[in-house]
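Comments concern the structure below.
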Amino acid sequence: MTMWARIENGTVAEITDLDPAGRFHPSLIWQAVGQALGCAPGWVWDGTKFHAPSVPSVSASDLRVRIDLAADTARAAVVGDPTRTIEYERAAAEAAQFKAAGYPADNVPRTVAAWAINGRTAQQAADDILAEAAAYTEALYQIRETRLQAKELVQQAMEAGDTQQAQNIAAETIAAIQAAVVGVGNAQT
């Protein structure tokens, strides 16, 4: 069966199996598809034959930016409001000092006391703050190590001409970064 392609600006706009002769406005350009198997909208007509559309090129820079954005998003998911980082760091420092001093009941830091609620003791609050800080710190290390290593591997793959490998590295890295923060800080859900 013969197919026809409507050409618009050198690109296939639509395909039909109806012979367009006399059916459409004469300003529309139609070309018999013939043996161009797979020809579909988006294919290119060079005036002689049809060509599959080229795959959009991706650069090492594009992939590195995607990795950085995934890391930024993951960190933001953990912290929430970026200014909260200051609060969390202060709470962790005060909880560590409180623990190092032997959890003195008469000298509970305000950041620890604020978390000693709902039946939680000051010691439990300090330990909880420290556990959360450790999980957050570990997530940050994982994100940083994964991000920086992947950016280097992406660059190497692109320099070797293996764009597909570079894209795979970026996709796997983004998934690993997202997994690194599940259940940490504000990314509890």
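Flag: Leu140 matches the condition of being in a helix (DSSP H, G or I), touching a helix residue (DSSP H, G or I) at 6+ places or on another chain (Cβ under 8 Å) and not acidic (Asp, Glu).
Set side by side, the residues Gly47, Gly42, Gly34 differ, and just one is exposed (fewer than 10 other Cβ atoms within 10 Å of the Cβ) and in the same structural domain as Asn9 (by TED's automatic domain parsing), which is Gly47. Thr85 passes all but one of (1) under 22 Å from Ala180 (Cβ atoms); (2) in contact (Cβ under 8 Å) with a residue 12 or more places away in the chain; (3) of a type outside the set (D, E, K, R); which number fails? All conditions pass for Thr85, except number (2).
Table: residues versus (1) among the small types (Gly, Ala, Ser); (2) touching a helix residue (DSSP H, G or I) at 6+ places or on another chain (Cβ under 6 Å).
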| position | (1), (2) |
| --- | --- |
| Pro104 | no, no |
| Gly119 | yes, no |
| Gln123 | no, no |
| Glu132 | no, no |
| Gln155 | no, yes |
| Ala166 | yes, yes |
| Ala176 | yes, yes |
| Gly183 | yes, no |
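Among the numbered conditions (1) among the basic types (Lys, Arg); (2) closer than 24 Å to Gly183 by Cα; (3) surrounded by fewer than 12 Cβ atoms within 10 Å (Cβ to Cβ), the only one that Arg110 does not meet is (2). Being without any contact (Cβ under 8 Å) to a residue 24 or more places away in the chain and either surrounded by 14 or more Cβ atoms within 10 Å (Cβ to Cβ) or outside the structural domain of Asp72 (by TED's automatic domain parsing) (or both) holds for only one residue in Gln142, Gln124, Gln164, Gln155, and it is Gln124.
Quick check: anything in the range 132-148 basic (Lys, Arg) and either farther than 30 Å from Ala93 by Cβ or in contact with a His (Cβ under 9 Å, 6 or more places away or on another chain) (or both)?
To start, the set of residues in the range 132-148 that are basic (Lys, Arg) comprises 144, 147.
After this cut, where a residue has to be either farther than 30 Å from Ala93 by Cβ or in contact with a His (Cβ under 9 Å, 6 or more places away or on another chain) (or both) as well, the list is none.
Checking the range 132-148: not a single residue is basic (Lys, Arg) and either farther than 30 Å from Ala93 by Cβ or in contact with a His (Cβ under 9 Å, 6 or more places away or on another chain) (or both).
Return yes when Ala180 is at pLDDT below 95, in the same structural domain as Ala70 (by TED's automatic domain parsing) and surrounded by fewer than 18 Cβ atoms within 10 Å (Cβ to Cβ) and no when it is not. Spell out the reasoning first.
Working: at pLDDT below 95: yes; in the same structural domain as Ala70 (by TED's automatic domain parsing): yes; surrounded by fewer than 18 Cβ atoms within 10 Å (Cβ to Cβ): no.
It is false that Ala180 is at pLDDT below 95, in the same structural domain as Ala70 (by TED's automatic domain parsing) and surrounded by fewer than 18 Cβ atoms within 10 Å (Cβ to Cβ).
Scanning the range 156-174 finds one or more residues that are under 30 Å from Thr83 (Cβ atoms) and in contact with a Ser or Thr (Cβ under 7 Å, 6 or more places away or on another chain).
The values are calculated or read from the model by the stated rules, or taken from the named source; none is laboratory data. Just so you know, these numbers come straight off a predicted model, no measurement behind them. Counting neighbours? That spans all protein chains shown, and the Cβs are built from the backbone with ideal geometry, glycine included.
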